[in-house]
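Note sheet for the following structure.
Any read-out appearing in this document is the output of simple, stated calculations on the displayed coordinates, not a laboratory observation. Every value quoted in this text rests on a predicted model; they were computed, and no experiment measured them. Positions of Cβ are generated from backbone atoms using ideal geometry, with glycine treated the same way; all protein chains shown enter the neighbour counts.
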Amino acid sequence: YLVIRVITKMIKTKLIRINKFRPEPEKIRYAADIIKRGGLVAFPTETVYGLGANAFDENAIRNVFKAKGRPADNPLIVHIAELKDVHRLAKKPPKIAKLLMERFWPGPLTIVLKKKKIVPDIATGGSNTVAIRMPDNRIAISLIKSVGVPLVAPSANISGKPSPTRAKDVLEDLKGKIELIIDGGKTSIGIESTVIDMTVMPPIILRPGVVTLEAIEKLIGKVKLLSFTVKEEKISISETDSKNFLKSPGLKYKHYAPNAEVIVVEGKAKDVYKKINLLADEALKNNKKVGIISFRKDHKYKNCYTAFAGSNAKVVAKRLFTILREMDKKGIDIIISESLSGKGIGLAVSDRLKRSAGYNIIKV
Ligand code: TXA
Ligand code: MG
């Protein structure tokens, strides 16, 4: 018994509820004290729950990687509460980066800039850039202010799993591994922030999100989309893309994957409906439990657990990770999903869906 305790080093994980409109100061102080002492605290943001640690505490950052089972070369986002904090962390940002900050912060946009020495290499996976974001959530902002330093905060899930949008998702993944989880209710956006690299011209969107390519281009002109994020078939990366691809090391790892196998079917609605029925019948014959993700109310699938995820991308974003997690809990073996249009927020949702399928996409 003792040996097992030593190996797994279980920590008692506390859960406290904090009001997201008026965070109770004494509760925020309680959480902040844990981080000041080098501990880990999961907290809500507007996108997904983050696993917070002091961005200048190398030991705490090491524990973040350990708790998530995250590869050491996958850099973390540094979360700030005030605009002036950018200058503590990054070298002179370009003018267009400032425009983005003024327009979209606080909010779901992460900006990659050249880093200053003060940011520990371990936080940036050895990269000379740092990703910065100011979250739009009062609990997150009060916590950062109360600690008094920026916080690194990757999504608070086990590496490779769907990101957590509820405190209970965090508990499921990180119970026994972190000191505290702040329950601030379900997150309002549901998928992670847009990540844009502003250290190159034109800037490159490394991860699409609800701050859309269209909205960014309207403000600062042409940007590139890492073509990896829109690849529709099997992953094949051109030379230039593979260079960019390595810039965001997170991209090369398995992501958002439930235990079930996931297949995405793409094509005209009518053909997709037909194909999914065929695939489902086949799977059912093999005694598999089938789950279907649908974006159309008029598609009724028989003998399968069907989750209607919404017909509007913003609504789907809010529900997608919850649906994937719930299907795992139901013991579903295979998830077959319809596909959505790749414009605007649809691009971000499609990206998460296809990654969760490991790019297992059938075109009809
Ligand atoms: O919405 C979000 O961004 C959430 C909440 C908690 O803020 N956080 C989040 O963190 O999604 P994480 O660690 O799960 O994803 C961060 C992504 C990864 O794909 C990582 O590779 C990329 O951002 N990233 C971080 N620092 C980077 C850097 N210096 N250069 C390029 N990519 C970077
Ligand atoms: Mg993540």
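When +1 charges are put on Lys and Arg Cβ atoms and -1 charges on Asp and Glu Cβ atoms, the dipole computed for the chain relative to its Cα centre reaches about 340 debye.
Give, rounded to the nearest 20 debye, the magnitude of the charge dipole that region 1-130 has about its Cα centre when Lys and Arg contribute +1 at Cβ and Asp and Glu contribute -1 at Cβ.
The calculated dipole for region 1-130 is roughly 100 debye.
To the nearest 20 debye, what is the magnitude of the charge dipole of region 43-107 about its Cα centre, counting +1 on the Cβ of each Lys and Arg and -1 on the Cβ of each Asp and Glu?
Computed charge dipole of region 43-107: roughly 240 debye.
Counted over region 60-148, the DSSP beta bridges are approximately 60% antiparallel.
Couplings 3J(HN,Hα) for region 115-126, derived from phi with the Karplus relation 6.51 cos²θ - 1.76 cosθ + 1.60 (θ = phi - 60°), are 8, 8, 4, 4, 7, x, 4, 5, 6, 9, x, x Hz, where x marks Gly and Pro.
The eigenvalues of the Cα gyration tensor, multiplied by 5 and square-rooted, give region 123-177 an equivalent ellipsoid with semi-axes of 21, 18, 10 Å from largest to smallest. Counting only residues at least eight positions apart within a chain, or on another chain, the aspartates and glutamates with an alpha carbon under 14 Å from that of LYS275 are GLU266, GLU338. Overall form of the chain: oblate. Here a/c, set by the Cα gyration tensor axes a ≥ b ≥ c, is 1.5 or more, and a/b is not larger than b/c. Think of it as helices only: each DSSP H run of n ≥ 4 in the chain is worth -39500 (n - 2.57), and spread over all residues that comes to -10000 deg cm²/dmol at 222 nm.
Label region 97-223 by shape, choosing from rounded, prolate and oblate, from the square roots a ≥ b ≥ c of the eigenvalues of the Cα gyration tensor; if a/c is under 1.5 it is rounded, and otherwise prolate applies when a/b is larger than b/c, oblate when it is not. Prolate is the answer for region 97-223, as a/c is 1.5 or above and a/b outweighs b/c. Taking 0.36 nm per residue of sequence separation and removing the Cα-Cα distance, the ARG296/GLU326 pair yields an extension gain of 8.8 nm. Taking only the C-alpha atoms of region 142-211, Rg followed by Dmax gives 14.7, 44 Å. Structure remark: mean-square fluctuation, Gaussian network model of the chain, C-alpha springs under 10 Å; the largest value among GLY125, GLY184, GLY52 belongs to GLY125.
For LYS177, the lysines whose Cα comes closer than 24 Å to its Cα, not counting residues fewer than 8 places off in the same chain, are LYS9, LYS12, LYS14, LYS27, LYS36, LYS66, LYS68, LYS161, LYS168, LYS186, LYS254, LYS329.
Given the options ILE11, ILE204, ILE323, state which has the largest fluctuation in a GNM of the chain using a 10 Å cut-off (strictly under) for Cα springs. Sorting by GNM fluctuation, first place goes to ILE11.
Ranking ILE34, THR187, SER159 by how far each Cα lies toward the positive end of the dipole of the chain (charges on Cβ) leaves ILE34 at the top. Cα centroid separation, region 130-182 to region 69-123: 16 Å. Note on TYR359 and LYS12: with the Förster distance fixed at 30 Å, the Cβ-Cβ geometry gives a FRET efficiency of about 0.15. Annotation: amide H of ALA90 within the under-5 Å range of LYS116, sequence separation 5 or more or interchain, hydrogens built in the peptide plane.
Listed by chain and number, the lysines whose C-alpha is less than 16 Å from the C-alpha of LYS91, apart from same-chain residues fewer than 8 away, are LYS114, LYS115, LYS116, LYS117. If the chain linking LYS91 and LEU219 were pulled fully straight, counting 0.36 nm for each residue of separation and taking away their Cα-Cα distance, it would gain 43.9 nm. Beta bridges assigned by DSSP with both partners in the chain are antiparallel in approximately 35 percent of cases.
Cross-link pairs exceeding 24 Å between alpha carbons, from the set LYS20/LYS175; LYS84/LYS314; LYS300/LYS330: LYS84/LYS314. Around the amide H of LEU225, modelled in the peptide plane, lie the amide H atoms of ILE205, all under 5 Å away and 5 or more residues distant in sequence or on another chain.
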